[in-house]
Amino acid sequence: SKDNAILYQLPTGGGKSVVMSKLIWDHREEKTLIVARRKELLVQMRTHLQKHGLRVGLIVGDQHEDLDANIIIASIKTVSRDKRLDLILERNFDNVIVDEAHRILTDSYDKVLDKLQEQNPNLKLLGATATPYRRDEKAFNKRFQTLITSESTQALIDAGYLANYKTYY
């Protein structure tokens, strides 16, 4: 079976936005929903995608913009509300990208992802996170079939992608 649910780990500053943007660009004819918890992340991602000439809709709080775009960015808090969830289901998405995917094991995400997967059994899910583990040790295999890990932080520093760091304690 082909993997429709991948968790992608990349260190903080390693370029998750760049990787996600490339994937979104490559699949720009498909309908993609990008979900995150924090408004700053959503706005940052939207700006990044718009710079590459993509039309991107937004659903955050009371803001609804450009909802007929192929790419919609939304806050999980907003789209897990029934009325907003109906709005999302009308779009019939092909792909869902969850930023900060270590936060995915919550009722809000369950509600939204269960409905989307029910609607489209072939839905592709990509979760991106710097930290693919949780203190409560809940298992990510409830949502993801495959974990892809990036190069180590040290390898990314050696290659010049990340700045070196000093640890203070």
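In segment 61-80, what count of residues is obtained for those that are on the phi < 0 side of the Ramachandran plot, in contact with a strand residue (DSSP E or B) (Cβ under 9 Å, 6 or more places away or on another chain) and open to solvent by 20 Å² or more (accessible area, probe 1.4 Å)?
So in segment 61-80, the residues on the phi < 0 side of the Ramachandran plot come out as 62-65, 67-80.
Pick out the ones that are also in contact with a strand residue (DSSP E or B) (Cβ under 9 Å, 6 or more places away or on another chain) and you get 64-65, 67-79.
Now restrict to residues that are open to solvent by 20 Å² or more (accessible area, probe 1.4 Å): 64-65, 67-68, 70, 77.
Count: 6.
Here segment 137-150 is the region considered, the condition is being open to solvent by 100 Å² or more (accessible area, probe 1.4 Å) and either part of a helix (DSSP H, G or I) or without any contact (Cβ under 8 Å) to a residue 24 or more places away in the chain (or both), and the residue that is farthest from Asp3 (Cα to Cα) is Glu137. Which condition number does Thr32 fail, the rest of (1) of a type outside the set (A, V, I, L, M, F, W, C); (2) at pLDDT 85 or above; (3) open to solvent by 20 Å² or more (accessible area, probe 1.4 Å) being met? Just one mismatch for Thr32, condition (3).
Cβ-Cβ distances below 8 Å connect the following pairs, each with a first residue in segment 75-86 that is at pLDDT below 95 and among the basic types (Lys, Arg), a second residue that is in a helix (DSSP H, G or I) and surrounded by 21 or more Cβ atoms within 10 Å (Cβ to Cβ), and a separation of six or more residues or different chains: Arg84/Thr78.
Residue under question is Ala74, and the condition is that it be within 23 Å of Gln50 (Cβ to Cβ) and not acidic (Asp, Glu); does it hold? When the stated conditions are applied, Ala74 passes them. When each of Glu65, Glu30, Glu40 is tested for being touching a residue at least 60 places away in the same chain (Cβ under 8 Å) and among the acidic types (Asp, Glu), the lone residue that passes is Glu30.
Checked against (1) part of a helix (DSSP H, G or I); (2) surrounded by fewer than 16 Cβ atoms within 10 Å (Cβ to Cβ); (3) touching a strand residue (DSSP E or B) at 6+ places or on another chain (Cβ under 9 Å), Met20 passes all but a single condition, namely (2).
The values are calculated or read from the model by the stated rules, or taken from the named source; none is laboratory data. Computed from a predicted structure; not experimentally measured. Counting neighbours? That spans all protein chains shown, and the Cβs are built from the backbone with ideal geometry, glycine included. Quick note on the areas: whole protein, heavy atoms, side chains included, nothing else; ligands and nucleic acids left out. Shrake-Rupley method; radii C 1.70, N 1.55, O 1.52, S 1.80 Å.
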